[in-house]
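The values are calculated or read from the model by the stated rules, or taken from the named source; none is laboratory data. Source: prediction; values computed, not measured. Note that each Cβ is placed from the backbone with ideal geometry, even for glycine, and that neighbours are counted across all protein chains shown.
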Amino acid sequence: MTDDIRFSAPGRINLIGEHTDYNQGFALPIALPARTTVTFRPDGGDAVVVRSDREDGEVTIPLHTTPGDVTGWAAYVAGVVWALRKSGHQVGGGAMRITSGVAVGSGLSSSAALECAVLGALSAAAGLRIDRTEQARIAQRAENDYVGAPTGLMDQLASLRGEPRHALLIDFQDDTVALVPFDPAATGLALMLINSNAPHRHAGGEYAARRASCERAAAALGVRSLRDVQDRGEAVLVDVTDPVDARRARHILTENQRVADVVSALGDADFAAVGRLFDASHASMRDDFEITTEHVDLIADTAVRAGALGARMTGGGFGGCVIALAAADRCDAVAEEVRSTVVRAGYHPPTITLTHAGAGAALEPSRH
């Protein structure tokens, strides 16, 4: 009997650097402890039959699937099958079970965790050796071209390349990754993850609209991407005549600088500076990029008023999660103030946990 192949991949939190990936800028994510696990039993057939612990029934995905054949949650699995084959890799059929510990629709990139876990399991079963950056590109292609979500590469790179007690400084101009120490617990601090329990939504086209706006701004400046004018500062945006496009571009340029400033602050273990940069990032997402909501604004503002060093929305926007840095002995008080304020404002109570940088995607011990 063929052993089951088990492969898991984590979700991610982006510490800072939002919507910079598709602008060839910088981001600083961490992998989460929460993971999605795929258990795959190869059978040599011509289809992958997949079940999820979060969905009823099973979905049969032919190995020769093409975009549009499979929709819904299983499209992410089908997309990986398709993208692997389009990249020249042969994969085999079998039975697949998915168990997810990553919250869906909360800006923690449950989709990338699923894609990377599926990709890892299929690759292991086929004996493929694909480097992690290329794996990330294959998973991104599945999401972009099969599922139809125009996301950048950050989520997949973070899921695949994560390291405990480290953030990942990603340069999207060449997709390089550098490890940056991130261990607030070593200085008596904690990273709070505040799930608003209001799912973020890209379905309305807002994500795609922001991307298109950035592309128009780059075109107005006569460059391929906004990264090409990063060293010229905000003054260059005087040549972007559309005021909305100019604001979107200003967020990207200032956010890239904030990523660099956070990396510098972490090198000095200056978490107070990191907190201030979190606040500035949230303000930029709220005012220039316009991707926050009153709900997440209230959470971030309340966390800071209650004693957090800083707070910001994380993820693509329009809901999802807020992260906050706080002294470990202040976290309970901050959490209580956030919960009570949010409930008084008429929202559902948030889910608040402490989190840390975890390990990236990995093959798990097999079970017979």
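Overview of values
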{"item": "Close pairs (6 angstrom Cβ cut-off, 6 or more residues apart or separate chains): closer than 23 Å to Met96 by Cβ in segment 342-368, modelled with pLDDT of 95 or more and aliphatic (A, V, I, L, M) anywhere", "result": "Gly360/Ala31; Gly360/Leu160; Ala361/Ala9; Ala361/Leu160; Leu363/Ala124"}
{"item": "Qualifying residues in segment 318-330 (those that are in contact with a helix residue (DSSP H, G or I) (Cβ under 8 Å, 6 or more places away or on another chain) and at pLDDT 95 or above) - the one surrounded by the most Cβ atoms within 10 Å (Cβ to Cβ)", "result": "Val322"}
{"item": "Number of the condition not met by Arg210 [criteria: (1) outside the structural domain of Leu253 (by TED's automatic domain parsing); (2) touching a residue at least 60 places away in the same chain (Cβ under 8 Å)]", "result": "(1)"}
{"item": "Candidate set from segment 331-368 (those that are of a type in the set (Lys, Arg) and part of a helix (DSSP H, G or I)); member that is surrounded by the fewest Cβ atoms within 10 Å (Cβ to Cβ)", "result": "Arg344"}
{"item": "Scope segment 316-330; condition out of contact with any Pro (no Cβ under 6 Å at 6 or more places or on another chain) and not in a helix (DSSP H, G or I); matching residues", "result": "Gly316, Gly317, Phe318, Gly320, Cys321, Val322, Ile323, Ala324, Leu325, Ala326, Ala327"}
{"item": "Residue that is nearest to Gly317 (Cα to Cα) [pool: residues in segment 19-61 that are in contact with a Leu (Cβ under 6 Å, 6 or more places away or on another chain) and outside any strand (DSSP E or B)]", "result": "Asp21"}
{"item": "Residue match in segment 358-367 (condition: within 23 Å of the chain's Cα centre (by Cα) and modelled with pLDDT under 95)", "result": "yes"}
{"item": "Residue count, segment 221-235 (criterion: crowded, with 19+ Cβ neighbours inside 10 Å and closer than 18 Å to Arg258 by Cα)", "result": "4"}
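Okay, residues lined up against (1) under 18 Å from the mean Cα position of the chain (by Cα); (2) part of a helix (DSSP H, G or I); (3) surrounded by fewer than 21 Cβ atoms within 10 Å (Cβ to Cβ):
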{"residue": "Met192", "(1), (2), (3)": "yes, no, no"}
{"residue": "Arg216", "(1), (2), (3)": "no, yes, yes"}
{"residue": "Ala249", "(1), (2), (3)": "no, yes, no"}
{"residue": "Asp261", "(1), (2), (3)": "no, yes, yes"}
{"residue": "Ala265", "(1), (2), (3)": "no, yes, yes"}
{"residue": "Ala283", "(1), (2), (3)": "no, yes, yes"}
